[in-house]
1. Quick one: which residue in SER284, SER321 is open to solvent by less than 30 Å² (accessible area, probe 1.4 Å) and either within 29 Å of THR409 (Cβ to Cβ) or touching a Pro at 6+ places or on another chain (Cβ under 8 Å) (or both)?
2. I'm checking my understanding of the structure. Among residues of the range 15-32 that are of a type in the set (A, V, I, L, M, F, W, C) and in contact with a Leu (Cβ under 6 Å, 6 or more places away or on another chain), which one is farthest from MET230 (Cα to Cα)?
3. Has the range 88-106 got at least one residue that is of a type in the set (Lys, Arg) and open to solvent by 10 Å² or more (accessible area, probe 1.4 Å)?
4. From the residues in the range 162-195 that are modelled with pLDDT of 80 or more and open to solvent by 70 Å² or more (accessible area, probe 1.4 Å), which one is farthest from ARG76 (Cα to Cα)?
5. Those residues that are in contact with a Lys or Arg (Cβ under 9 Å, 6 or more places away or on another chain) and open to solvent by 10 Å² or more (accessible area, probe 1.4 Å), I need them from the range 108-133; list them, please.
6. Here is a list of conditions, (1) crowded, with 18+ Cβ neighbours inside 10 Å; (2) within 23 Å of ALA394 (Cα to Cα), and LEU302 meets all of them except one; can you say which number that is?
7. Output the residues belonging to the range 381-410 that are small (Gly, Ala, Ser), out of contact with any His (no Cβ under 7 Å at 6 or more places or on another chain) and more than 14 Å from ILE356 (Cβ to Cβ).
8. Looking at the range 356-375 only, could you name the residues that are touching a residue at least 24 places away in the same chain (Cβ under 8 Å) and open to solvent by 60 Å² or more (accessible area, probe 1.4 Å)?
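The values are calculated or read from the model by the stated rules, or taken from the named source; none is laboratory data. In this text the structure is predicted, and so the values were computed from the model without any measurement. Glycine also receives a Cβ, built like all others from the backbone with ideal geometry; neighbour counts cover every protein chain displayed. Keep in mind that these areas ignore ligands, DNA and RNA; they rest on the heavy atoms of the full protein, side chains included. Shrake-Rupley method; radii C 1.70, N 1.55, O 1.52, S 1.80 Å.
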Amino acid sequence: MLVPMRATAVILAAFAFGYLLSNLFRSINALIAPDLVADVGLDAAALGLLTSALLIAHGTSQLPVGIFLDRYGPRRVQAVLLSCAAVGALAFAVGGSALTLTLARALIGVGFAGALMSGFKAVTLSLPPERHALGNSIVMASGQLGLLIATWPAEIMVDLVGWRTMFVVLALVTAAGAALYLMAVPEWPSATPPRRWRDELAGLKQVFSDPLTWRLAPLAWLGSGTGIAMLTLWAGPWFRDVAGFDRAGVATGLLINAVAAAGGIFLSGWVADRLGRRGIGVLSVMSVLVAVMLVAEVPLVLGLDGFGIAAWVVFAMTGQSTILSYPWLAAHFGTGLSSRAQTGVNFGVFLTAFLIQYMVGAVIDRFEPTPSGGYEPVAYQVSFAIVLAFQLVAFVWFLTGFAKFRAATR
């Protein structure tokens, strides 16, 4: 059911707000990591595990969320999930141990499991197919403001009231967001009549039995997953240990990355929308952007410190370029299966982000800390090199099957 432009703007704004909150919670640990280490006593691996608990919970929730979105629509699903996230934020605010904080962060991850995918579902239901890439990028780019808030604004708030009080405020804002969906977002009629649950699960089987899913998914996993893992955790410590920034400098570096990420996401959707009118598919645009992302990682792997800041900016701009695969998935599998296809792939994105965040911390812990108590710069190079190697394999695997994607698009 396509909706008028004004109503579409309200819908996109509502889902962008939910995704903004998701990004804020996802990336806030990059800023408050020193506070968590001081208050709870965490090593690098424990910090990576605690932070990535949100990602693994978020990722494992993707498949059921996809089924619920296709069955009940984005309005009701998102309202329920954000209520869960608010409870998790309150639990994090009062948590006194690594276990409590990890479980609370996992609950936050479940609560935001539908933040982006519900927005993509709303785009699929309210815009024509040729505008899906642009609509998705508007939701996602607007949501990147959460990364901005997780830098200087959050730094100021932590200095004023502490990180625990900040989480209480965030819990209240999240609860208000849940109410926003019920008040501002329409209820779409189901694209298909209610079906048995085993039929819903059969839709997942259809998605994962398609060979093209397995050509595309690894690249999406290692593309977006790496972007999430690095920008929401390890970019902050890198700015401190390799670039030599103080806490204010780290916040500034993260702010620049956030601006670059938001701009890059919007531009990727805008470019794909424009080139699509000339017959150039979204996967072709995505391929070029992924290649740029991989090149941007090389200075970080080689330790070319003079290019490090610029490399982070380019990486941030292109780190979510594989999101252009989502409108292709919606078109390939149809509206009735769109959320199951997109969340099916998104499941792997967050599982990969979890593994990368934890793996980088585990590799860093293999090296002796520096005299100042930071992490050894070479440790970043080694861990980033491992990630880049996996990305290159996934990119080659995707490119060798590109002709099949062209044939399916025709």
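1. Numbers: SER284 fails: open to solvent by less than 30 Å² (accessible area, probe 1.4 Å).
Of the residues listed, the single one that is open to solvent by less than 30 Å² (accessible area, probe 1.4 Å) and either within 29 Å of THR409 (Cβ to Cβ) or touching a Pro at 6+ places or on another chain (Cβ under 8 Å) (or both) is SER321.
2. First, the residues of the range 15-32 that are of a type in the set (A, V, I, L, M, F, W, C): 15-17, 20-21, 24-25, 28, 30-32.
Imposing the further condition that a residue be in contact with a Leu (Cβ under 6 Å, 6 or more places away or on another chain) reduces the set to 20, 30.
Values: LEU20: 18, ALA30: 10 Å.
By that ranking, first place goes to LEU20.
3. no
4. Checking each candidate, the answer is ARG164.
5. The answer is GLU130, and nothing else.
6. (1)
7. Within the range 381-410, the subset small (Gly, Ala, Ser) is 383, 385, 389, 394, 401, 403, 407-408.
From the residues that got through so far, the ones that are out of contact with any His (no Cβ under 7 Å at 6 or more places or on another chain) too are 383, 385, 389, 394, 401, 403, 407.
GLY401, ALA403, ALA407 - these are the residues of the range 381-410 that are small (Gly, Ala, Ser), out of contact with any His (no Cβ under 7 Å at 6 or more places or on another chain) and more than 14 Å from ILE356 (Cβ to Cβ).
8. So in the range 356-375, the residues touching a residue at least 24 places away in the same chain (Cβ under 8 Å) come out as 356-362, 364-365, 370, 374-375.
The answer is TYR358, ASP365.
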